Amino acid sequence: MTSTGRRQPSVGPSLVLVAIGLGLDALVSWTMAQQSYRWLPVQASTAAPYVDNLFALETGIGSFILVGCTAVIAWTLLFNRAPKYDLDDGDPIEGNIRLEIIWTVIPLVVVLAIAWHTIGVNHTLATLGGKQRLATAAPLESASLPLATGSLPLATGSLPVATGSLPSTTDSTEIGPIQVIGRQWSWEFIYPNGVRSSELHLPVDRPIYFRLISMDVLHGFYIPAFRLKQDLIPGSVIDYRLTPSRQGRYRLRDSMFSGGYFATNQTDVVVESEADFAAWLAAAEQAPLRPSFNAANEIWQQRLAEGNRGWATVPPAPPPEVNVSLDPQNTHEA
């Protein structure tokens, strides 16, 4: 008993109760970490497992802290609340150096551990296929960019290119470079043999070498199933490499707000076998160029037909001329 007449709990049962609570907290947190994999799209690139494992780790740690703090608050409210009409102050615990060190060191160690693991994941992703922003020079008025098989004309307007020669691939198994061109609001892909498409076709389990270009404003090259999100910066040519690991049809979205119709700036990414990819590429090479399907342009034409009323918007760029157009009726997994 204390001088105030309150009974102090014994240490032994309290430690057992804390140990049981920590065990239950750890079990719940581990369960949440495992469940977090189900919240994400399918893993369709070699980078996806590393990103998902990091996300699961952070989910588990966050769940442990959340459940632990909530449990302590709930326990206090249910079993340690002051009796009715008790106006006494709580026990003074200010100046507890040991407690202050503990609640400072533990968060510090946790944050440093997460940072260390994140740096390791970023290093691993860089070795799998990182990105490189190439220095740019004055715009090339003819709007052509060197490819593996020579220069191919692009859409109207000037395109900045890197100073000097662009680096070429040295991996004999690598596919590319594939140009990824972002506009308001359409995607265009140009393959080394000159084929142009508005949906991206890739062979499975082959390293892919991209060159990312924006023709106007910032765009975001975002494929959730690949765990890939890379900004397209006007005035820059950005190299990016990745390896698709699962066949299927996935969605590419513009993750940057690039204007009034940016939500329509979506297309499909088709990952297929090498034989199917080669057959598609050969058939596409024989197909004539034609305007691609473009949802933004259809909305713009409807707006004009209704008198162009409402807030002022930027007119969409003309749909790119492609050998293979996006089919809006196709469904995708993620």
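The numbers here are math on the coordinates, done by the rules we state, and not lab data. If you're wondering where the values come from, they're calculated on a predicted model, not measured in any experiment. Glycine also receives a Cβ, built like all others from the backbone with ideal geometry; neighbour counts cover every protein chain displayed.
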* Segment ARG81-LEU17, extension gain: residue separation times 0.36 nm, minus the distance between their alpha carbons -> 21.2 nm
* Estimated distance in nm for a label pair at ARG290 and THR313, the labels positioned 7 Å out from Cα along Cα-to-Cβ -> 2.6 nm
* Out of residues 5 or more away from SER214 or on other chains, whose amide H comes under 5 Å of its own, with H placed 1.01 Å from N in the peptide plane? -> GLY182, ILE233, GLY235, SER236
* Structure fact -> Taking R0 as 22 Å and r as the Cβ-Cβ distance between ALA279 and LEU128, the FRET efficiency 1/(1 + (r/R0)^6), rounded to the nearest 0.05, comes to 0.20
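By counting other Cβ atoms within 10 Å of each Cβ, how are LYS229, LYS84 ranked from fewest to most?
On the way: LYS229 13, LYS84 5.
If I rank by nearby Cβ atoms, fewest first, I get LYS84, LYS229.
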* Asked: What ³J(HN,Hα) values, in whole Hz, does the Karplus curve 6.51 cos²θ - 1.76 cosθ + 1.60 give for region 21-32 when θ = phi - 60°, with x put for Gly and Pro?
  -> x, 5, x, 5, 4, 5, 5, 4, 5, 4, 4, 5
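Which FRET efficiency value, to the nearest 0.05, is calculated for GLU298 and ILE106 with the Förster distance at 41 angstrom and r the Cβ-Cβ distance?
On the way: r = 56 Å, r/R0 = 1.37.
So, using R0 = 41 Å, E works out to roughly 0.15.
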* Structure fact -> For THR59, THR267, THR313, THR76, ascending order of other Cβ atoms within 10 Å (fewest first) is THR76, THR313, THR59, THR267
* **Cα point-scatterer Debye curve for region 218-317, base-10 log of I(q)/I(0) at q = 0.17, 0.21 Å⁻¹** => -1.02, -1.22
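Working out 0.36 nm times the residue gap between ILE114 and ASN193, then minus their Cα-Cα distance, what length gain in nm do you get to one decimal?
Working: separation 79, 0.36 × 79 = 28.44 nm, distance 4.41 nm.
Additional length available on full extension: 24.0 nm.
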* Structure fact -> Cβ density ranking, 10 Å radius, fewest first, applied to THR264, THR31 yields THR31, THR264
